[in-house]
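Participant: Following this message is one structure expressed as structure tokens.
Values quoted throughout were computed directly from the atomic coordinates according to the rules given, and no laboratory measurement underlies them. Since we're looking at a predicted model, the values are computed, not measured. Every residue, glycine as well, gets a Cβ built from its backbone with ideal geometry; the counts of neighbours run over all protein chains shown.
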Amino acid sequence: MLSSLNAVDLNLLKVLNAIATKGQLTAAGEMIGLSQPAMSHALKRLRAIFDDELFHRTSSGLQMTGTCQRIMPSVRKIVTECEHVFVTGGVFNPATNAQVFRIGMNDYFSVVLLPPLILRVRELAPNCQIEVLHTPRIGTNARSQNRIIVQDYLDDGIIDVAVMTADKVAPRFVCQPLFDEDRVCLISAKNPASQGPLTMERFLSLGHVKVSSDPKRRGWVDEKLDSMGLERQIVATVPHFSSAVSIVAQSDLVTIMPASVARLFEASHDLVLHGPPFSIERQATSMIWLRSKQEDSAQKWLRDQIQHCFELDPEAQEAAR
């Protein structure tokens with residue numbers, strides 16, 4: 001591994017990115033205008049620099065090694081930002097620019113936000129792509145002294161923006177509220193407990209599917225019940241709302257989730273929605289990004305589109321009422 005950039009040809013990053021994108025030397029060369037022998041020579045230089053094979057040959061093409069997978073988010077970020085500077089002068093033009101936008105979110109926001117966002121990006125920025133990285137709100141990274149994962153993802157440029165229920169964020173981040181909504185209980189329509197009001201007695205008599213990225217965490221439902229001297233029976237803990245929906249639809253269990261997600265599955269999974277039998281705070285959704293990226297024209301455009309989707313989407317409007 002080199003200790004200085006002085007002897008490095010930064011065009012090698014374009015080669016590395018192209019091979020990772022195409023999975024074949026010939027196709028990668030066509031992508032960036034280099035011959036197959038030139039690509040082979042560049043790959044040899046890259047392997048010497050990183051002291052790693054970087055790619056293994058398989059029946060389906062070139063596959064990245066662990067080292068290559070680890071450095072690729074940074075490589076793609078550098079290539080994208082260089083293209084942004086040299087091709088557009090730093091000003092993002094959605095009609096012509098090619099950009100990969102990376103958003104951190106969990107399955108809740110993937111279900112609610114992604115469909116309208118992708119439609120809008122395809123219409124306004126046809127050369128751009130959306131990549132979503134599953135980002136749990138409370139997950140921590142043991143390799144970085146247990147910092148919150150979303151902070152690492154933003155700091156390292158792995159994602160451009162996170163959409164989630166935000167806890168307190170450090171001053172280097174901007175946190176913009178998008179909307180807030182009620183939480184509701186979901187019960188299968190086939191379950192007799194779905195008929196009539198959901199009383200506290202009935203709520204506690206049911207088995208529960210808890211949704212959490214950290215099974216050991218008590219969560220707001222259990223903390224609320226603790227304050228009342230009550231306890232629910234948790235039958236299963238899953239990391240995704242979609243899993244909880246599928247389980248509840250085929251059982252006599254109950255789960256709690258944001259209303260916007262619940263409404264999307266209500267008819268297709270034959271579910272009945274009830275308000276919880278106790279008062280709770282509404283769930284707030286925010287956008288989080290690095291303050292240093294506040295004026296980046298491409299990222300500002302992306303944030304504007306996300307904001308627009310929540311302003312116009314009927315589910316979000318209903319949730320905000």
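Participant: Can you tell me the orientation of helix 66-88 relative to the chain, as the angle in degrees between its alpha-carbon axis and the longest Cα principal axis, to the nearest 10?
Facilitator: 70 degrees
Participant: So how do M72, M105, M228 line up by other beta-carbon neighbours within 10 Å, fewest first? Don't skip to the answer; put the middle values down first.
Facilitator: Working: M72 16, M105 25, M228 9.
Ranked by crowding around the Cβ, least crowded first: M228, M72, M105.
Participant: Right, something else. Roughly how many whole Å is it from the C-alpha centroid of region 4-49 to that of region 200-254?
Facilitator: Using only Cα atoms to place each centre, the spacing works out to 51 Å.
Participant: Which of L124, L34 comes first, and how do the rest follow, when ranked by fewest Cβ neighbours within 10 Å? List each step's numbers first, then the result.
Facilitator: Working: L124 13, L34 19.
Result, fewest neighbours first: L124, L34.
Participant: Using only Cα atoms, find the angle between the long axis of helix 11-22 and the longest principal axis of the chain, and express it within 0 to 90 degrees, rounded to the nearest 10.
Facilitator: 50 degrees
Participant: Next up: What does the extension gain come out to for C82 and S297, with contour length at 0.36 nm per residue minus their alpha carbon separation? Mind showing how you got there, number by number?
Facilitator: Working: separation 215, 0.36 × 215 = 77.40 nm, distance 1.40 nm.
Additional length available on full extension: 76.0 nm.
Participant: Please state the shape class of region 171-321: rounded when a/c is under 1.5, otherwise prolate if a/b exceeds b/c and oblate if not, all from the C-alpha gyration tensor. Don't skip to the answer; put the middle values down first.
Facilitator: On the way: a/c = 2.36, a/b = 1.79, b/c = 1.32.
It comes out prolate by the Cα gyration axes.
Participant: Quick one, which of (i) 1.05; (ii) 1.07; (iii) 1.19 is the actual Rg/Rh (Cα atoms, Kirkwood Rh) calculated for this model?
Facilitator: Label (i) holds the value from this structure.
Participant: Then there is this: Round to the nearest 10 and give me the degree value, 0 to 90, for the angle of helix 107-124's Cα axis relative to the longest principal axis of the chain.
Facilitator: 50 degrees
Participant: Pick out, from L225, Q195, N106, the residue whose Cα sits farthest towards the positive end of the charge dipole of the chain, with +1 on the Cβ of Lys and Arg and -1 on the Cβ of Asp and Glu.
Facilitator: N106
Participant: Also, I was wondering about something else. Counting only helical runs of four or more DSSP H residues, what would the 222 nm mean residue ellipticity of the chain come to if each run contributes -39,500 (n - 2.57) and the total is spread over all its residues? Provide the component values of the computation, followed by the final result.
Facilitator: Details: 12 runs with 138 residues, N = 321.
Taken over the chain, the calculation gives -13000 deg cm²/dmol.
Participant: To make sure I understand, if each residue's beta carbon is the centre and we count other beta carbons within 10 Å, what order do W301, W289 fall in, fewest to most?
Facilitator: Working: W301 19, W289 22.
Least crowded to most crowded, the residues run W301, W289.
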